[in-house]
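Following: one structure in structure tokens, then a few remarks.
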């Protein structure tokens, strides 16, 4: 290779920064693009912790147990080999952060402390108060800054990725980005582009996500030919504070530390006397109690409020109670979330039970990505179906199947970066030609396409407001595409999305200038959100079963014969084209997923084989 | 019936070289709303109180739960995050202005890159040998973790610089946030191996010696970080370093 290869990472959350560090550590230069200063990325919102079977509590925890919990928790939809590798790497990842100086909570011996989380019986979650994501992000931000000073990383903060640049053979040769302050659009040559652009929560209007989580970059790649996988799998977190601007997460770690969920009882048979607390999760799921996985807890809360009418004051609210936990413990382990509740609700949760309701939280689905397989073909960790285009973190579908376990997201973002970074280098080194040698015409073509699109947006002169349309999209998706799904409502939602897409071209940008034009950027994001919303909703419509976070009362059972498959959406101008790919279940045979009783061992033979070799 | 309206005054400026102006807005009141909700309402209907359609107010935000630091602005004269500024606790009209110690980009958006540059200057990181698996990090006590975890909650929001009389747009005083970061890394068992490098950086031009001890920073910090103690600790370390150097250390 004549010139040094170039690498672009888009997104500066945990996945993106881990990727950057791995590439820089190998001595390669990285251009890092982010819509916000990377230290402000959405990873800061992760509260509870990061999973790893470090097994310092004498519980006999193992990476295999972590793997089995994750696969079982994900209702067997995840390809198993990458999840196994992730769980094996987890203790080392936690130790790496420990060496970077993350202020994890400690035991009296000065070791890392671990707490309980949903969907497991083990203390497996390392944590730094209740702002673990923030603390991990800061650690990686510091290491990236070190490489920036060393000249191996160039940051482009305040730049938005608006598309990749394919050559005539379809290989990714660079990216088109727009500087948000000046409005300047520019092409960047690169031998590998790694998207680490986060989840699409904003498609649901208000969620636990940050305002930057539009899914716009993933949608742009999808529209150019990258497959979008399992888009219908949206995690609705059971415990959040409703708000006008945002639904603020109240971490699962609150229940991990002993928090209990209840409503005043109606005194019916098998329940406490009228008005007494009914700890309904503990009653319905005696084996896991308040620590059932999120999809299970969320459906239970929906049942309490919507079917039984037992929400607080008949409304969509239940109690999350920590008033029985000593204040010193709450302050040492949960201060960050206690503070959020206090600041935004105005009540002290140490004294008064919190009032919460489920909220859209996480996308298990995302861009389809590969991993090494034993079929004699070249496969690269985290590479999409577009050669040279990689994806890591929440913007890809890789690790969580039909439902993500709490504290596995911080782990999967970092693991994906650890694998994706080095494998992007491997891919680049195996190529015969470089991006530097690619024809200028392919860059000019993409520049023109985006420039035309921008001009078209700025010239629009209709009655609609993009921010208003976004609020409508959010209401529509929250109504049809969250906890309980019905085919007639999903069909109606697809019709409504189509109508929003028509109305989109009747907006007026309330700002026509180039300088820091937020409505321009938001409108393009909205355009991309509408297209992704369609792929997600069609995926849900066609999946006639219930699995993990995807629940249809008309099809209440999991249907492995028809749907133990990854949904793949391919963009066409006429709408998404869906196909299905087999799931790799080679390590653990799928079994029924239940949380009212203890998880049964699952594949003792496979397990023994894996352990011996 | 017209419900209760929330009155806002926003200082607008189209770009760095433009003049600024005040614009008044009104948005419908809802219980529990914050300044972000008000600004989002203006985005949906960017019309001033006197009926003029204007570009929506430009501002930065992201997490909306006071952990990312993005949405910092001056609200009724005080720098703070607009997500945690609840309308019920504010006097109306609510006055929104950009922070004044950073270069203005547009409306309420400023360029805070001097804060990130300061982190480079003081080498605010633990210089690990690599990201490969080298086993656990150093042990330390829960008491120490509690102290330094609190310091590490700094979200680089800029409130401490905004209120500091020593920070001006024209100078390069490093400010309380970066000084407090040095305290963290110099206390970490591995970071401490490189403490003198950071102290040397901290005592270069625009360093800790420019602190005027006004102690406004500690009052302004939304995370209640004990910045005064951080500055005092770093001053002690700087003094020790000077003595050490005098004796050829």
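Since every read-out is calculated from the coordinates, none of them should be taken as a lab result. Fair warning: this is a prediction, and the values are worked out from it, not measured in the lab. Cβ atoms come from the backbone with ideal geometry, glycine included; neighbour counts cover every protein chain shown.
Between residue A:4 and residue B:243, the simple label model (points 7 Å from Cα in the Cβ direction) yields a spacing of 4.5 nm.
In whole angstrom, chain A maps to an equivalent ellipsoid with semi-axes of 37, 29, 24, each derived as √(5λ) from the alpha carbon gyration tensor and ordered largest first.
Computed from the Cβ-Cβ distance with R0 of 35 Å, the FRET efficiency linking residue B:132 to residue A:121 stands at 0.65.
The Cα center of the stretch B:162-204 and the Cα center of the stretch B:95-154 differ in position by 11 Å. Here the Gaussian network model covers chain B, with springs between Cα atoms less than 10 Å apart; of B:239, B:48, B:131, B:131 fluctuates the most. When the square roots of the Cα gyration tensor eigenvalues are ordered a ≥ b ≥ c, the ratio a/c for the stretch A:15-63 is 1.5 or more and a/b does not exceed b/c, which makes its shape oblate. Of interest is the spacing of the C-alpha centroids, which for the stretch A:1-60 and the stretch B:208-235 amounts to 31 Å. The mean count of C-beta atoms from other chains within 10 Å of the C-beta of residues in A:515-523, rounded to a whole number, is 4.
With r as the distance between the Cβ atoms of residue A:591 and residue A:109 and R0 = 30 Å, compute the FRET efficiency 1/(1 + (r/R0)^6) and round to 0.05. Working shown, then result.
Working: r = 38 Å, r/R0 = 1.27.
Computed FRET efficiency for residue A:109 and residue A:591: 0.20.
Relative to the current alpha-carbon distance between residue A:328 and residue A:342, full extension at 0.36 nm per residue lengthens the span by 3.4 nm. Using C-alpha pairs below 8 Å separated by at least 6 residues, the relative contact order for the stretch B:5-110 is 33 percent.
Could you grab the relative contact order for chain A? Cα pairs under 8 Å, six or more apart, rounded to a whole percent. Spell out each step's value before the answer.
Details: 1379 pairs, mean separation 127.4, N = 613.
So the answer I get is 21 percent.
If a spin label sat at a point 7 angstrom from the Cα of residue B:193 along the line to its beta carbon, the backbone N atoms of the stretch B:138-169 nearer than 18 Å would be those of B:138-140. Using a Gaussian network model of chain B in which every pair of alpha carbons under 10 angstrom is joined by a spring, one finds that among B:140, B:102, B:116 the greatest mean-square fluctuation is at B:140. Please give the helix A:487-504 orientation as an angle from the longest Cα principal axis of chain A, in degrees from 0 to 90, rounded to the nearest 10. That helix lies at roughly 40 degrees to the long axis.
Against the main long axis of the alpha-carbon atoms of chain B, helix B:227-246 sits at an angle near 30°.
Ellipticity at 222 nm from helices only: DSSP H runs of n ≥ 4 in chain B, each -39500 (n - 2.57), divided by the residue count, give -9000 deg cm²/dmol.
For every helix of n ≥ 4 consecutive DSSP H residues, a contribution of -39,500 (n - 2.57) applies; sum these over chain A, divide by its total residues, and give [θ] at 222 nm rounded to the nearest 500 deg cm²/dmol. Don't skip to the answer; put the middle values down first.
On the way: 16 runs with 220 residues, N = 613.
Mean residue ellipticity, 222 nm, calculated: -11500 deg cm²/dmol.
May I ask you to give the average projected area over all directions of the convex hull of the Cα atoms of the stretch A:239-358, in nm² rounded to one decimal?
Working: hull surface 29.3 nm².
Result: 7.3 nm².
The slack in the chain from residue A:544 to residue A:491, taken as 0.36 nm per residue of separation less the alpha-carbon distance, amounts to 17.8 nm.
In this calculation the C-beta distance from residue A:448 to residue A:184 is compared with R0 = 25 Å, giving a FRET efficiency of 0.95.
Modelled spin labels at residue A:598 and residue B:22, positioned 7 Å past Cα toward Cβ, are 6.9 nm from each other. Kindly identify the stretch A:66-174 as rounded, prolate or oblate by the Cα gyration tensor criterion: order the square roots of the eigenvalues as a ≥ b ≥ c, call it rounded if a/c is under 1.5, otherwise compare a/b with b/c, prolate if a/b is larger, else oblate. It is oblate, given that a/c is not under 1.5 and a/b is not larger than b/c.
Spacing of the modelled spin labels on residue A:515 and residue B:29, each 7 Å from Cα toward Cβ, amounts to 3.7 nm. Label the stretch B:5-110 by shape, choosing from rounded, prolate and oblate, from the square roots a ≥ b ≥ c of the eigenvalues of the Cα gyration tensor; if a/c is under 1.5 it is rounded, and otherwise prolate applies when a/b is larger than b/c, oblate when it is not. The shape class here is oblate. Extension gain for residue B:140 to residue B:117 (0.36 nm times residue separation, less C-alpha to C-alpha distance): 5.3 nm.
Only Cα pairs within less than 10 Å get springs; with that Gaussian network setup on chain B, which residue of B:88, B:50, B:111 has the largest fluctuation? Most flexible of the set in this elastic network: B:50. Considering only DSSP beta bridges with both partners in the protein assembly as shown, what is the antiparallel share in %, to the nearest 5? Bridges in the protein assembly as shown are about 75 percent antiparallel.
For chain B, the relative contact order comes to 16 percent (Cα pairs under 8 Å, sequence separation of at least 6). Measure out, as a whole number of angstrom, how far apart the alpha-carbon centroids of the stretch A:561-584 and the stretch A:520-546 sit. A separation of 14 Å, based on Cα centres.
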